[in-house]
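The next block holds one structure in the form of structure tokens; read it before the comments.
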Amino acid sequence: MKYIPLVISLLMLSCSDESSEKAETLTDQGLAKKANLPPPPPPIGEQIDRNNELCVAEIERARLDAMKGKLVYSKYEGMKIRRHDEELKELLKKFNIAYEPLGMNCTGELNCYGLYMDSLITEKYGVNFISSLSQIADHMFEARWATKTYEYWHVDVEPKYGKVPPDTFILSKLNLPVGWDYEPMQSERQYIEAEFVVDTTGAVSNIKVGDFGYNLKYSNNKFLSHLKKQIKSIIEEMKPWEPAMFNSHKVKCWYLVDINLDK
């Protein structure tokens, strides 16, 4: 926690007058000179092959970006997902640092860009800059409970409807169209996902059906539009819900329902 006041001071400086902007420009010029130096060694524990062609290309791309004054935080951290990503991106922007999280990769070469940028960010702001900023971002994530719409996996208690699971209720009301092919697939299942927001009063909004996930047999694809309309209508009639809870507060929450269409 001792590094947080330092970051707060930096945040205040980043929002100050034109003289600070000039000082920042001078610092960026120094950064460009730093980018001309050979790439730094990877941090302890990072298994990166810097002779790999893809890694070399990533380092060169990072070096050229830095020479243009562009800093990017993009460290790859496996399956770790920060709940405060949105807030961290907001804070990094105050320091003119873009946040571009890397996708999954098996070999790590794509992280050479991120590691090179990390070394430049550390050079400019210090070793504990990102970790301190992440702590502030997480405090912001928690403090915004009155206005923020959380994901269902981030809340303490998910939204709840009645005494039966929501997917069971929807299926009980769903009428599959005439001509529906009931023969199951050999190694897959037919399903459609519905996502929506449950607010602090238990009301539902922002209903999206099949926009992010569905799987139908080729013979049933023609019924997708019909299913989406019917499921949306059923969800609109499901009220009220019990709202999600986060840190003892009722909060707005995105909720996902996976509707299995196979018997």
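The values are calculated or read from the model by the stated rules, or taken from the named source; none is laboratory data. As the structure is a computational prediction, the values presented were derived from the model and not from experiment. Positions of Cβ are backbone-derived with ideal geometry, glycine not excepted, and every protein chain shown enters the neighbour counts.
Table for the structure above
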read-out: Close pairs from the stretch 155-172: first within 15 Å of C253 (Cα to Cα) and in the same structural domain as F196 (by TED's automatic domain parsing), partner charged (D, E, K, R) and surrounded by 12 or more Cβ atoms within 10 Å (Cβ to Cβ), Cβ under 6 Å, at least 6 apart; value: K160/E242
read-out: Residue match in the stretch 220-233 (condition: part of a strand (DSSP E or B) and either under 23 Å from V164 (Cβ atoms) or at pLDDT 95 or above (or both)); value: no
read-out: Which listed residue is modelled with pLDDT of 90 or more and assigned to a strand (DSSP E or B), from I130, I192; value: I192
read-out: Any hit, the stretch 213-227, residues being of a type outside the set (V, I, T), closer than 14 Å to Y255 by Cβ, crowded, with 18+ Cβ neighbours inside 10 Å and within 23 Å of the chain's Cα centre (by Cα); value: no
read-out: Matching option when the condition is surrounded by 20 or more Cβ atoms within 10 Å (Cβ to Cβ), at pLDDT 90 or above and charged (D, E, K, R), among E58, E87; value: E87
read-out: Counted residues, the stretch 153-169 - those being within 17 Å of the chain's Cα centre (by Cα) and surrounded by 15 or more Cβ atoms within 10 Å (Cβ to Cβ); value: 2
read-out: Failed item, numbered, when L110 is tested on (1) in contact with a Leu (Cβ under 7 Å, 6 or more places away or on another chain); (2) farther than 22 Å from G69 by Cβ; (3) at pLDDT below 95; (4) surrounded by fewer than 16 Cβ atoms within 10 Å (Cβ to Cβ); value: (4)
read-out: Test: residue in the stretch 178-190 that is closer than 30 Å to R144 by Cα and of a type in the set (S, T, N, Q); value: no
read-out: Check on K148, within 14 Å of N260 (Cα to Cα) and either assigned by TED's automatic domain parsing to the domain that holds V72 or touching a residue at least 12 places away in the same chain (Cβ under 8 Å) (or both); value: no
read-out: Flag for V155 being part of a loop (DSSP other than H, G, I, E, B) and touching a strand residue (DSSP E or B) at 6+ places or on another chain (Cβ under 7 Å); value: yes
read-out: The stretch 177-226 - residue that is among the aliphatic types (A, V, I, L, M) and touching a Pro at 6+ places or on another chain (Cβ under 8 Å) and, of those, nearest to K263 (Cα to Cα); value: V198
read-out: Test: residue in the stretch 120-132 that is within 19 Å of the chain's Cα centre (by Cα) and under 24 Å from L227 (Cβ atoms); value: no
